[in-house]
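The values are calculated or read from the model by the stated rules, or taken from the named source; none is laboratory data. Quantities reported herein were computed from a predicted structural model and do not represent experimental measurements. Methodologically, a virtual Cβ is constructed for each residue, glycine included, from the backbone with ideal geometry; neighbour enumeration extends over all protein chains shown.
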Amino acid sequence: MDLETALLMQELMHMREERAELRSQLFLMEKDNGALRSCAQMAATEKLILKTKLNEMGSELGEAKLSSSTLSSPVEETNRNGPPLSATESEAGSYKVRIAELLRTLDQVMESSSERARQDAEVVRELKDAHLCLLSTLEKTKVKYRARIRKLEEYVLLVIEKSSKRELIKNCL
């Protein structure tokens, strides 16, 4: 009966350990998932930044081509006082568009950065909570196993005493 109970207790403890391991694996997988999502978000932001830079470079190239073609145009040659008014307006419009794109990109980068900071703060908070939980579990487990060890020591002493009494009785007979 005692052996059977001991085996059942051992199986129960093994199952509890497995359950704790599974919980820790789940926690780590959730953190990895969050980190991967954060990386994907950073990659998307970088892609957007690069796309904006590419558009900016393309518009600069287009402006360079436009300015080189307007320099050789007959209208420019006749009007030495400055570029035609429509060219100035188109330049101003293209600058406004570029500025608007850059502001949108800046806003998205700021949002991404604040989201990353929020996620990092959340990870730190969760790690602190997990650390405190592990510390309390460790202390509880220490107390529990110390009590078990004391009980086992008492049981061993009791068994030794019983066996020594039996041997005394056998020797006496």
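Take the conditions hydrophobic (A, V, I, L, M, F, W, C), farther than 30 Å from L138 by Cα and part of a helix (DSSP H, G or I) and apply them to A35. Does it pass?
The answer is no for A35.
Look through E63, E76, E91 and report the one residue that is in contact with a helix residue (DSSP H, G or I) (Cβ under 6 Å, 6 or more places away or on another chain), surrounded by 12 or more Cβ atoms within 10 Å (Cβ to Cβ), at pLDDT below 80 and charged (D, E, K, R).
Details: E63 fails: in contact with a helix residue (DSSP H, G or I) (Cβ under 6 Å, 6 or more places away or on another chain); E91 fails: in contact with a helix residue (DSSP H, G or I) (Cβ under 6 Å, 6 or more places away or on another chain).
Answer to the check: E76.
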